[in-house]
Amino acid sequence: MSKCVALLALLAGLGSLPAAAEPPPLRDADRALTGVPGQPNAPAAVLFNNAEFWMRDFSRQEASSRLRVQVRVKILTDAGISRGEIQIPHSRWVRLQNFSGRTTLPDGRVVPVSPDAKFIRKTSQRQKRFVTSVAFPAVAVGAILDYEYELRFDSFYFLEPWLLSDVIPVRLAEIVYHVPKEIGVQTWSRDPFQVGVKTEKTTEVRSNL
């Protein structure tokens, strides 16, 4: 089992949400990665799966809660090329926004995901649930896939679990929660495989942590 690290930080709600961040620069170690220690047959590896969640702050007249996700995946073998198509579930109450993605090839070329590469499939007519599928361009062994998106929640809470593992190795998984000062919270996590889940809490001037 590859090492998964979770960082849960409860920070004060912000007056305005920051603009979408650029993905971290590619490291030499990411470009050179050809396998995962302990899992020599892994077809691909999630280099990081990071998220930030802003709980809706009524005192600031925010319209919804918001989850921003950034993911980076390295294709290691021919069998991993199927990871070049991803699926993102959402619904009328959990709205998908601001998706962008790109493929970085071993020679350094960057191929962005075009709007035509996305399609939406309805999975429940009654509950109005959807899945958006995205096919990345030019996926090949050694390619690195980056994508980011946002989910907007009508619900005040984000009650879905944040999963640190996948069917392929995950090198780093992290989520940060921004919670309004007026809200009391507790965190709960499980580490059944003893891979090193970590929780960090910080206190700021406008925080209840």
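For the stretch 70-125, give the percent of accessible area contributed by carbon and sulfur heavy atoms, probe 1.4 Å, rounded to a whole number.
Ligands and nucleic acids excluded, carbon and sulfur reach 52 percent.
With every protein chain left in place and a probe of 1.4 Å, what is the accessible surface of GLU52, to the nearest 10 Å²?
60 Å²
Calculate, for ASP166 and GLN97, the FRET efficiency according to 1/(1 + (r/R0)^6) with r their C-beta to C-beta distance and R0 25 Å; round to the nearest 0.05.
After rounding, the FRET efficiency stands at 0.60.
How much accessible area does THR103 have with a 1.4 Å probe, in Å² rounded to the nearest 10?
Counting only protein heavy atoms, THR103 exposes about 0 Å² to solvent.
Tell me, what is the 1.4 Å probe accessible area of LYS201, in Å² to the nearest 10?
120 Å²
Just reorder TRP162, TRP54, TRP93 by solvent-accessible area, largest first, 1.4 Å probe, all chains present.
TRP93, TRP162, TRP54
In terms of solvent-accessible area of protein heavy atoms at a 1.4 angstrom probe, what is the ranking of PHE53, PHE130, highest value first?
The residues order as PHE130, PHE53, largest area first.
Defining a contact as two alpha carbons under 8 Å apart and six or more residues distant in sequence, what relative contact order in percent does the stretch 36-169 show?
Working: 286 pairs, mean separation 45.1, N = 134.
Relative contact order here is 34 percent.
The values are calculated or read from the model by the stated rules, or taken from the named source; none is laboratory data. The model shown is predicted, which means the values in this text are computed figures rather than measured ones. Neighbour counts run over all protein chains shown; Cβ positions are idealised from the backbone, glycine included. Side chains are part of the model used for accessible areas, which takes the heavy atoms of the whole protein and leaves out ligands, DNA and RNA. Shrake-Rupley method; radii C 1.70, N 1.55, O 1.52, S 1.80 Å.
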